[in-house]
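Below: one structure, written as structure tokens.
The values are calculated or read from the model by the stated rules, or taken from the named source; none is laboratory data. Please read all numbers here as calculations on a predicted model, not as lab measurements. A quick note on method: Cβ atoms are made from the backbone with ideal geometry, for glycine too, and the neighbour counts reach across all protein chains shown.
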């Protein structure tokens, strides 16, 4: 009996111990769950603060503000097309595309009729002349020796020349030296009559070659171009009053398309100025005045100054503007219709969002937040676009003109770079 009671007591003790362990485990789980919940809430709060802070305040920094628009422009140049009579024969460029030429300087030439055949005949004669003069060692008079030295010098230099105009000049000089040498040797050698005959044939072929060719000279100084599109005599600086929106659109030109290179003619472009005609529907275009200056940002991201030289309203919305430029003229010679950014103004300074600015009694303020202490600070709004403003502090003289007393001015706080201001003070009233 005692044995049975002892076993019963052991079972009860075991049950009590199991229940205690279960309660202890459950309490531990509850404590862990509470701790995790607290940690989770803390992290959520921190994330909230991190997200909330940037939307509540804005850190002032230096910046640049633009008021600009993207427009389509038509390039107008002061240019003269030059074309000769032999344009059907093909042409050789003496001056390269974009190279400057002086007044009456040769810029290109037309080939003569059967030019390749004539050149081949001259080359064959040169070979015969050289072969005939071989072995004439007893005829090295001082003048012949001088000519040969000059020939050697010219032949050495021609290997280093890449400019086609200089190559042409060297070729002429070499041909002249060969002809002179052949004439001297012909007069002194036993085979002189044959050399004279060859030399006479060469002279006749050269005359035929030169008489058939046509050289074209620049009618004035400027940039040489072979990109001719047929609008050179239509889109000119003398015809601004004839321009309008419909006329420009009816030209049916593709924006950014390169003008094709002509193999029949060339032109001389005024390298000091060019013009861009554009149609704009903005308020700034309507209010633009002749003589105003703006900036243009071209497709190569270069910004250049421009002057408004002509304006004409087209309808209730659109205004035609003609802008004069004196930079990037060579770059624009490749195009007739371009896309560009018209920058009406740009301003640098302390840049803030427009929504950060409060307006009271015609004056502007920002709310500075420094270590939780907020101050209302008067600022001068210099420039403003749709999103941002450039602000400065008023000078003492400006504040006096606004009616502030010396005591008030002394107590005024200033805004500076890296200050934090309320992003939207209207929502914090």
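Going by what's in this entry, would residue 305 be described as surrounded by fewer than 16 Cβ atoms within 10 Å (Cβ to Cβ), under 19 Å from the mean Cα position of the chain (by Cα) and modelled with pLDDT of 95 or more? So residue 305 fits the description; yes.
Scan segment 408-420 and give yes if some residue there is touching a strand residue (DSSP E or B) at 6+ places or on another chain (Cβ under 8 Å) and in a strand (DSSP E or B), otherwise no. Yes, there is a match, as at least one residue in segment 408-420 is touching a strand residue (DSSP E or B) at 6+ places or on another chain (Cβ under 8 Å) and in a strand (DSSP E or B).
If we scan segment 333-347, do we find a residue that is farther than 30 Å from residue 232 by Cβ and out of contact with any strand residue (DSSP E or B) (no Cβ under 9 Å at 6 or more places or on another chain)? No: segment 333-347 contains no residue that is farther than 30 Å from residue 232 by Cβ and out of contact with any strand residue (DSSP E or B) (no Cβ under 9 Å at 6 or more places or on another chain).
Residue 310 - would you say it is modelled with pLDDT of 95 or more and in contact with a strand residue (DSSP E or B) (Cβ under 8 Å, 6 or more places away or on another chain)? Taking the combined requirement at face value, the residue satisfies it. Condition first: without any contact (Cβ under 8 Å) to a residue 12 or more places away in the chain, part of a loop (DSSP other than H, G, I, E, B) and either touching a helix residue (DSSP H, G or I) at 6+ places or on another chain (Cβ under 9 Å) or loosely packed, with under 13 Cβ neighbours inside 10 Å (or both). Can you find one or more residues in segment 246-262 that meet it? Checking segment 246-262: at least one residue is without any contact (Cβ under 8 Å) to a residue 12 or more places away in the chain, part of a loop (DSSP other than H, G, I, E, B) and either touching a helix residue (DSSP H, G or I) at 6+ places or on another chain (Cβ under 9 Å) or loosely packed, with under 13 Cβ neighbours inside 10 Å (or both).
Output yes when any residue across segment 72-81 is touching a helix residue (DSSP H, G or I) at 6+ places or on another chain (Cβ under 7 Å) and either modelled with pLDDT of 90 or more or surrounded by fewer than 10 Cβ atoms within 10 Å (Cβ to Cβ) (or both), and no when none is. Within segment 72-81 (the criterion being touching a helix residue (DSSP H, G or I) at 6+ places or on another chain (Cβ under 7 Å) and either modelled with pLDDT of 90 or more or surrounded by fewer than 10 Cβ atoms within 10 Å (Cβ to Cβ) (or both)), the answer is yes, since at least one residue qualifies.
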